[in-house]
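> Here's a structure for you.
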Amino acid sequence: MKVLITGGKGMVGSFFKDAFMEVGDTVYAPGREEMDITDREKVLETIRMIKPDVLIHCAAYTDVDGCTLNNRKAYLVNAVGTQYVTEGCVDVDSRMVYISTDFVFDGKKTTPYSEVDVPCPLSVYGQTKLLGEYYISHFLKRFLILRTSRIFGEKGKNFASSLPSLMKKEKKLVLTSNLVNSPTYVADLVNAVMFLIKKGGAGIVNVCNKGECSWYEYALKIKEFLKIIDVELIPVEFEDFQNRKAERPRYSVLDTSLLESLGISMPHWEGALQKFLG
Ligand SMILES: NC(=O)c1ccc[n+]([C@@H]2O[C@H](COP(=O)([O-])OP(=O)(O)OC[C@H]3O[C@@H](n4cnc5c(N)ncnc54)[C@H](OP(=O)(O)O)[C@@H]3O)[C@@H](O)[C@H]2O)c1
């Protein structure tokens, strides 16, 4: 297969790149400097030149607070950029895989969100990612939209990789106790997506590790697994959290029954985290 990955140097994109290369696919994974998705001509020219069998769209402005502070950039990258990538896929009849987010939901439910629940994003990040979903599902016949949450992994900046050193440095850390979703190990996400691609999966599918937790509970597990004793973790409600800029869903756990019916059972996040932390 010929695979083109946008955002190929990001946390998820670089993992996809390695995984596709490992199974012998021909992979193109340009970073922003080689293919800025807000440059329509460049996007169309690159997709026309490569004619990928599958395009994995990982490029996004992913800083949730940054998107609120700089909503023009968020709209340009996440919505308009995705529109250009979609146009390119229509042009060469390429199948598209889009990594979307639990932040398309408002978090007012108390049970996991399924693929048919109606999105209602609270933040600019969620709104612009949802616009991306709309372009793809309206203009493409062959697409797969994966909604996932709180990804952690070896490459890139994420909570599970940066928290251990912070825990060793600080005496006290304040963490939110009422933002609940499912952590997702990038390796499990990529394995599931590659399986779905092979199986010809289509439409919207939720992909995340089993189980759920708040950021506070997540940090407690990291502390326990790494046996860090000198730091005190303090739970705080998001409403009382200083420095909050973007609104976030309180409960955005994704229901993975559809994924399971397609033959994939995701590991529990605690086991995945332990594996990641070694
Ligand atoms: N991380 C999560 O918890 C999470 C959860 C749900 C969904 N997702 C989705 O998963 C996908 C991958 O996220 P990630 O965690 O791998 O984020 P990431 O590490 O921030 O990767 C995003 C990549 O997109 C690139 N990018 C930004 N603007 C671009 C532009 N204009 N043109 C081309 N590339 C551009 C970034 O390059 P620069 O570094 O040069 O800006 C970066 O390499 C995103 O679509 C995100 O919305 C992530």
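Read-outs: derived from the displayed coordinates by stated rules, not from any lab. What you are looking at is a predicted structure, and each value in this text was computed from that prediction instead of being measured. Glycine gets a Cβ as well: all are built from the backbone with ideal geometry, and neighbour counts include every protein chain shown.
> Output ³J(HN,Hα) for the range 240-245: one whole-Hz value per residue in order, computed from phi by the Karplus curve 6.51 cos²θ - 1.76 cosθ + 1.60 with θ = phi - 60°, and x for Gly and Pro.
Couplings: 9, 6, 6, 6, 7, 10 Hz.
> Moving on. Enumerate the calculated ³J(HN,Hα) couplings along the range 23-30 in order (Karplus 6.51 cos²θ - 1.76 cosθ + 1.60, θ = phi - 60°), each rounded to whole Hz, writing x wherever the residue is Gly or Pro.
8, x, 6, 8, 10, 10, 9, x
> Right, next: Can you sort 265, 94 so the residue with the fewest Cβ neighbours within 10 Å comes first?
265, 94
> Can you compute the helix-only [θ] at 222 nm over the chain? Use -39500 (n - 2.57) per DSSP H run of at least 4 residues, normalise by all residues, nearest 500 deg cm²/dmol.
The helix-only estimate for the chain comes to -11500 deg cm²/dmol at 222 nm.
> Out of the DSSP beta bridges found with both residues in the chain, what percent are antiparallel (nearest 5)?
5
> Next up: Charges at C-beta only: +1 for Lys and Arg, -1 for Asp and Glu. How large is the resulting dipole of the chain about its Cα centre, in Debye rounded to 20?
Charge dipole of the chain: 260 debye, to the nearest 20.
> Considering only Cα-Cα distances, which of the following residue pairs are longer than 21 Å: 51/73; 141/199; 155/245; 73/245?
51/73; 155/245
> Size of the dipole of the range 1-109 about the Cα centre, Lys and Arg at +1 and Asp and Glu at -1 on the beta carbon, nothing else charged, in debye to 20?
Magnitude of the dipole: close to 180 debye.
> Please work out the C-alpha center-to-center distance from the range 17-86 to the range 233-278 and express it in whole Å.
So the two Cα centres are separated by 25 Å.
> Okay, moving on. Provide 1, 49, 167, 266 in ascending order of the number of other Cβ atoms located within 10 Å of each residue's Cβ, fewest first.
Listed from fewest to most nearby Cβ atoms, that is 49, 1, 167, 266.
> Assuming 0.36 nm per residue, please report the length gained on full extension of the stretch residue 261 to residue 210 beyond their Cα-Cα distance.
Length gained, residue 261 through residue 210: 16.9 nm.
> Please identify, among 127, 242, 83, the residue showing maximal mean-square fluctuation in a Gaussian network model of the chain using a 10 angstrom Cα cutoff.
The residue that fluctuates most here is 242.
> Further, regarding this structure: With a point put 7 Å past each Cα toward its Cβ, work out how far residue 108 is from residue 39 in nm, to one decimal.
In this crude spin-label approximation the distance works out to 4.3 nm.
> Using θ = phi - 60° and the Karplus relation 6.51 cos²θ - 1.76 cosθ + 1.60, list the HN-Hα couplings for the range 47-64 in order, rounded to whole Hz, with x at every Gly or Pro.
Taking θ as phi minus 60°, the curve returns 5, 5, 5, 7, 6, x, 6, 9, 10, 9, 9, 10, 5, 6, 8, 9, 7, 4 Hz for the range 47-64.
> Going by amide H atoms built from the backbone, whose H comes under 5 Å of the H on residue 98, apart from near neighbours?
57, 144, 145, 146
> Assigning unit charges at the beta carbon (Lys, Arg +1; Asp, Glu -1) and nothing else, what dipole magnitude in debye, to the nearest 20, does the range 176-278 show about its Cα centre?
Here the size comes out at about 460 debye.
> Exactly which trypsin sites (Lys or Arg not before Pro) in the range 148-180 are in a DSSP loop and have at most 16 other Cβ atoms within 10 Å?
For trypsin sites (Lys or Arg not before Pro) across the range 148-180 that sit outside H, G, I, E and B with at most 16 neighbouring Cβ atoms in 10 Å, the list reads 155, 157, 171.
> For the chain, what mean projected area does the convex hull of the alpha carbons give, in nm²?
13.9
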